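A short write-up of the structure that comes next.
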């Protein structure tokens, strides 16, 4: 009897080892964001969204079958391998972004990377990935130079500055056609790669569409006082003010608006700080009626986006914002490419990304699809205008996506 028991135990051990040997190893994907510092809240929100995406891919959750890998069986073409997210905190520092990208590539041996929130960090991080020949999918950073350097390993899923600038001008002209007097605009921007790049694009688009740019105001990101800038706006009296700002700056501007009793007719935030849940929590009562741009909407109950938002709320206690959504979409795109490649070899993943052709109904964001051009830019990215009503943003333009009509003028705190 003892011999039989021993034999059974040996057999079970052998079978167990065989099962362990046949299990596909995890596929590592790096995620580099500002998890500390002034933009730490935005980075943590993006990381939470990416972790939820990995959970959807790794394990079955009813209702996500329309998404590539939404069946929750891991990566079928790699033997059902699970995805392991490897986080990296670049602290909003371009040099640290470079160092963290290098760590992810050389020490963690990731199959690909997503990131980075700040455009200045995305510029240095993607340069490192390019040098080492590892795919980097940018989900949120919009500075034009990220995809104009001839890189072959950088891919960007998000709409870019030119898309947003044109959207703002079309929207303003739409309001103008309905009786609003909108002739003069101001552009207020933080002075890193993100602000400078986007401001230039917005400025050019405004002039091309017949608007007068009466104030062009740069400021130091993460400064402690913007009174001088707000006084400039009061003096120039623009009809619309377009902000290209990160979270702490956007909050500071709204507080300074109130303290100096300044109320422009229209406020437009270029996402980033204005979409951060920390902005809404801190100053939504001061920023009523502010417009923003977005490609994210919670959508109707039981839709894919609604289900994702429910998972996000359960994890974080708040609704998902556009920036986190764009990062999640980038992660899904990279994971899909790795699966189609059937390999974690960089050149195979790169080739699969180049062949990506996802349709709108395969996405959780409101893009027309995902298809990359020779520069690595998604040619099917798109967005719409949203407006802060109460403590939520509501889609207001175009009409096909609107849940309410835009309200003008900006109400602020009154």
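The values are calculated or read from the model by the stated rules, or taken from the named source; none is laboratory data. All of these numbers come straight from a predicted model, not from anything done at the bench. Positions of Cβ are backbone-derived with ideal geometry, glycine not excepted, and every protein chain shown enters the neighbour counts.
Select from region 207-220 the residues that are touching a residue at least 40 places away in the same chain (Cβ under 8 Å) and either on the phi > 0 side of the Ramachandran plot or crowded, with 21+ Cβ neighbours inside 10 Å (or both) and list them in ascending order.
Hit for region 207-220 is 211, nothing else.
Please return the ranges of strands (runs of 3 or more DSSP E) entirely within region 24-127 where 3 or more residues are in contact (Cβ under 8 Å) with a residue 60 or more places away in the chain.
In region 24-127, 27-33, 112-115 are the strands (runs of 3 or more DSSP E) which contain 3 or more residues that are in contact (Cβ under 8 Å) with a residue 60 or more places away in the chain.
Do the conditions hold for residue 5, that is, is it outside any loop (DSSP other than H, G, I, E, B) and either modelled with pLDDT under 85 or more than 26 Å from residue 339 (Cα to Cα) (or both)?
Working: outside any loop (DSSP other than H, G, I, E, B): yes; either modelled with pLDDT under 85 or more than 26 Å from residue 339 (Cα to Cα) (or both): yes.
Yes.
Give region 128-146 a look and list any residue that's crowded, with 24+ Cβ neighbours inside 10 Å and assigned to a helix (DSSP H, G or I), or say none.
Selection gives 129, 146.
Against the conditions (1) assigned to a loop (DSSP other than H, G, I, E, B); (2) under 22 Å from residue 336 (Cβ atoms), where does residue 150 fall short? Just the number, please.
Result: residue 150 passes all but (2).
I'd like the full set of residues that are touching a residue at least 40 places away in the same chain (Cβ under 8 Å) and part of a strand (DSSP E or B), limited to region 384-398.
Keep residues of region 384-398 that are touching a residue at least 40 places away in the same chain (Cβ under 8 Å), which gives 384-393, 395-397.
The answer is 384, 385, 386, 387, 388, 389, 392, 393, 395, 396, 397.
Condition test on residue 330, is it under 21 Å from residue 69 (Cβ atoms) and either in contact with a strand residue (DSSP E or B) (Cβ under 6 Å, 6 or more places away or on another chain) or not assigned by TED's automatic domain parsing to the domain that holds residue 129 (or both)?
yes
Just the residues that are surrounded by fewer than 20 Cβ atoms within 10 Å (Cβ to Cβ) and at positive phi, please, taken from region 56-70.
63
Could you please find all residues in region 153-170 being under 15 Å from the mean Cα position of the chain (by Cα) and part of a strand (DSSP E or B)?
155, 156
Give me the helices (runs of 4 or more DSSP H) completely within region 222-320, filtered to those with at least 1 residues that are in the same structural domain as residue 184 (by TED's automatic domain parsing), ordered by residue number.
Correct list: 227-236, 247-259, 272-275, 277-283.
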